[in-house]
């Protein structure tokens, strides 16, 4: 797999400008410890347009490096970075303009989408492993895993085209960075328009999930929560300690919702391919365990989401702006 993509390696080096929820995700994050050193935050006082391009360039480079390596966790890392890039675009959307925003958002979305198959295979295995840890000896987990794993390995071996296409798309996106029509200077106000809009969408998604906690609405809540989490990380320097605390709670919410979604994907796969597992592995007892665990995750996620999205969008946006402007105001004697 990796050998087929080595000719793209120069891109990754050449992009430069100036038992608990989420067990598998945190394990993967630890394996990718280097990613935290890839800057994904603005710094007060600097030119925000330059910083936007620099942040984007670093994420594109890191995604390219991950696709060049091409392993299952590398693919997950690359997809996560595409989501971070889409989060960045949402923050600067008002300044970037509709045409450029749409072009870049579609580009990064399509890269991540083309790689979703291999990631879904891995997620099903991780969901099954988490279920086995929570309910040991209550189902034939080992036998089921043996039947799931060969299919995952087979399909993971046939992603060379998606990796190659993804690298080409990232290279093209990198070449367009200098042409992003940004007029940002030092004021955070244009960024806060995107911040507030994204948070408002998360708040709406939380309300919808409480009214109808089905798989679709919970997945929508997770997506909007992730974008809000990305925005908090981008603007963390406004006041690092409280912003970091809010990020931690959003990360926990994302883990809860992510675990629920992975179990939903696993359940759908088992039902769609029931004949491949039964009678050796009875599916109905597994479905009972999956639904029991999903009920727990939903309850915890909705309770946490009610706190995370309790504040009105305009109030939260104003509070972040005051955090960001506070040092300048003190320096100016205001």
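Key figures
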{"item": "Segment 98-134, residues that are over 22 Å from residue 254 (Cβ atoms) and modelled with pLDDT of 95 or more", "result": "98, 99, 100, 101, 102, 103, 104, 106, 107, 110"}
{"item": "All positions within segment 239-279 that are surrounded by 14 or more Cβ atoms within 10 Å (Cβ to Cβ) and either outside any helix (DSSP H, G or I) or touching a strand residue (DSSP E or B) at 6+ places or on another chain (Cβ under 6 Å) (or both)", "result": "239, 273"}
{"item": "Test set (1) buried (at least 16 other Cβ atoms within 10 Å of the Cβ); (2) at pLDDT below 90; (3) assigned to a helix (DSSP H, G or I) - residue 83 fails condition number", "result": "(2)"}
{"item": "Test: residue in segment 178-186 that is under 22 Å from the mean Cα position of the chain (by Cα) and modelled with pLDDT of 90 or more", "result": "no"}
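The values are calculated or read from the model by the stated rules, or taken from the named source; none is laboratory data. Model, not experiment: these values are computed from the prediction. Reconstructed Cβ throughout: ideal geometry from the backbone, glycine too, with neighbour counts over all protein chains shown.
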